[in-house]
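*Asks:* Below are the structure tokens for one structure; questions will follow.
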Amino acid sequence: MKQCLDTELITCVMQLFQAVGVSQSDARQVATHLVDADRQGQPSHGVMMVELYLKRLQAGSVNASAQPVIVCDAGAVVLMDAQHCLGQISAEQGMQVAIGKAQALGIGLCTVRHAFHFGLASTWASMAGAHDMIGIAMANTRPLMPAPGGGAPVVGNNPLAIAMPGRHPVVLDMAMSAAAMGKIRHAAQSGHVIPDTWATDAAGIPTTDPQEAITGMLLPVGGAKGFGLALMVDLLTGGLSGGGVGASVNGLYADPAVPYGSSQTFIAINAELLGTADALLASVDQLSGAVHDSHGRVPGERTAALRGSGGHRITLSDAIAADLADACRRLDVPGCVMEEVA
């Protein structure tokens, strides 16, 4: 395992993206998001993704200079085309649009088509929480999970995040599979086995081998309930935006020259215009307190504690650190000072 100071890691990743044509501001935003995922204990959405992003930027399926454009603005609802820009760029702009609508109208929805991987859904939902609003963020992915009783993947594990404002915000962030594909890929890179409840092999048999799981199928969390939620998120993103659903979304790790084709939807709800903002904040605190009194933990509490305020050392697997070093050599970017850890 290797460690690097988070600020140095952000600079390194930012310079890698700049080396393939991404603007300094966009590169910093995406790099900060990826490193923050590692800081929160979510390495499946962290610096592990850098090599993939670079390949797609260089192959052209992700447009380094593109910016989202508004296709339709109809009161509280907006349709945006991401034009295959980096997913974090369209996600931030999409939620900003939703928040602006909610400030004026009480609720705002921005749905985005032709998008790319946007990282942690909780980041975008929490943007609304910072304005004392409820935030919802979701996206679709390529088919990874079978329907109950089915033998082929038909929907993705389609992440959904809901953020409730409060002194201590409650933030749910979940994929609809028992585990995200990124966690399985991280296990494969780290040489770890996975629980046999996470995925099947190509023949549909549950497996503990992450390499077999990558070529197999993910299992939905909660069986038919998880599948049903994934199906609805697919329709609330790709269906609502006029983008792709199901097999119309391409594999994230497939041909890097072919656009991913994901869709995203962002919702902000402003309880202040209902006159219930204080009641909402009190309810969040009341339920959070009940959870703590029972010695439990509310959604998002662990990651908030891990995030901190910077100055942290980020731990990377040897494989991810090696990929980062290779990219730095290939693109003539100064690397991070890595320290070996037990």
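The values are calculated or read from the model by the stated rules, or taken from the named source; none is laboratory data. The shown structure was predicted, so the numbers you read here are calculated from the model rather than taken from an experiment. Neighbour counts run over all protein chains shown; Cβ positions are idealised from the backbone, glycine included.
*Asks:* If a residue has to be in contact with a Gly (Cβ under 6 Å, 6 or more places away or on another chain) and farther than 24 Å from Ala161 by Cβ to count, how many in the stretch 176-203 make the cut? Step through it out loud before you land on a result.
*Replies:* As a first pass, look at the stretch 176-203 and keep what is in contact with a Gly (Cβ under 6 Å, 6 or more places away or on another chain): 176, 199-202.
Subset that is farther than 24 Å from Ala161 by Cβ: 200-202.
So the count comes out to 3.
*Asks:* Contact list please: Cβ distance under 8 Å, first residue in the stretch 280-299 and among the basic types (Lys, Arg), second residue outside any loop (DSSP other than H, G, I, E, B) and surrounded by 14 or more Cβ atoms within 10 Å (Cβ to Cβ), pairs at least six apart or on different chains.
*Replies:* Arg297/Val291
*Asks:* Then there's this: Hey, any hits in the stretch 165-175 for a residue that's under 17 Å from the mean Cα position of the chain (by Cα), surrounded by 21 or more Cβ atoms within 10 Å (Cβ to Cβ), under 23 Å from Val245 (Cβ atoms) and of a type in the set (Val, Ile, Thr)? Walk me through it before giving the result.
*Replies:* Quick first cut of the stretch 165-175, residues under 17 Å from the mean Cα position of the chain (by Cα) only: 171-175.
Retained after the next criterion (residues that are surrounded by 21 or more Cβ atoms within 10 Å (Cβ to Cβ)): 171, 173, 175.
Within this subset, residues satisfying the condition of being under 23 Å from Val245 (Cβ atoms) are 173, 175.
Next, only the ones that are of a type in the set (Val, Ile, Thr) stay: none.
Checked against the condition, which is being under 17 Å from the mean Cα position of the chain (by Cα), surrounded by 21 or more Cβ atoms within 10 Å (Cβ to Cβ), under 23 Å from Val245 (Cβ atoms) and of a type in the set (Val, Ile, Thr), the stretch 165-175 yields no hits at all.
*Asks:* Looking only at the stretch 78-89, decide whether some residue is touching a Leu at 6+ places or on another chain (Cβ under 9 Å) and over 19 Å from Pro259 (Cα atoms). Please lay out each step first, then the result.
*Replies:* At the first step, the residues of the stretch 78-89 found to be touching a Leu at 6+ places or on another chain (Cβ under 9 Å) are 78-79, 86, 88.
Still in the list and also over 19 Å from Pro259 (Cα atoms): 78-79.
Yes, the conditions are met somewhere in the stretch 78-89.
*Asks:* Now a separate question. In the stretch 199-236, which residue that is assigned to a loop (DSSP other than H, G, I, E, B) and in contact (Cβ under 8 Å) with a residue 24 or more places away in the chain is surrounded by the fewest Cβ atoms within 10 Å (Cβ to Cβ)? Break it down into steps so the answer makes sense when it comes.
*Replies:* Taking the stretch 199-236 first, the residues assigned to a loop (DSSP other than H, G, I, E, B) are 201-205, 207-209, 215-216, 219, 221-223.
After this cut, where a residue has to be in contact (Cβ under 8 Å) with a residue 24 or more places away in the chain as well, the list is 204, 219, 221, 223.
Numbers: Gly204: 13, Leu219: 24, Val221: 20, Gly223: 11.
Filtering first and then ranking leaves Gly223.
Conditions tested, residue by residue: (1) modelled with pLDDT under 95; (2) surrounded by fewer than 18 Cβ atoms within 10 Å (Cβ to Cβ); (3) among the acidic types (Asp, Glu); (4) in a helix (DSSP H, G or I).
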residue	(1), (2), (3), (4)
Pro256	no, no, no, no
Leu273	no, yes, no, yes
Ala279	no, yes, no, yes
Ser283	no, yes, no, yes
Arg302	yes, yes, no, yes
Leu306	yes, yes, no, yes
Val333	no, no, no, no
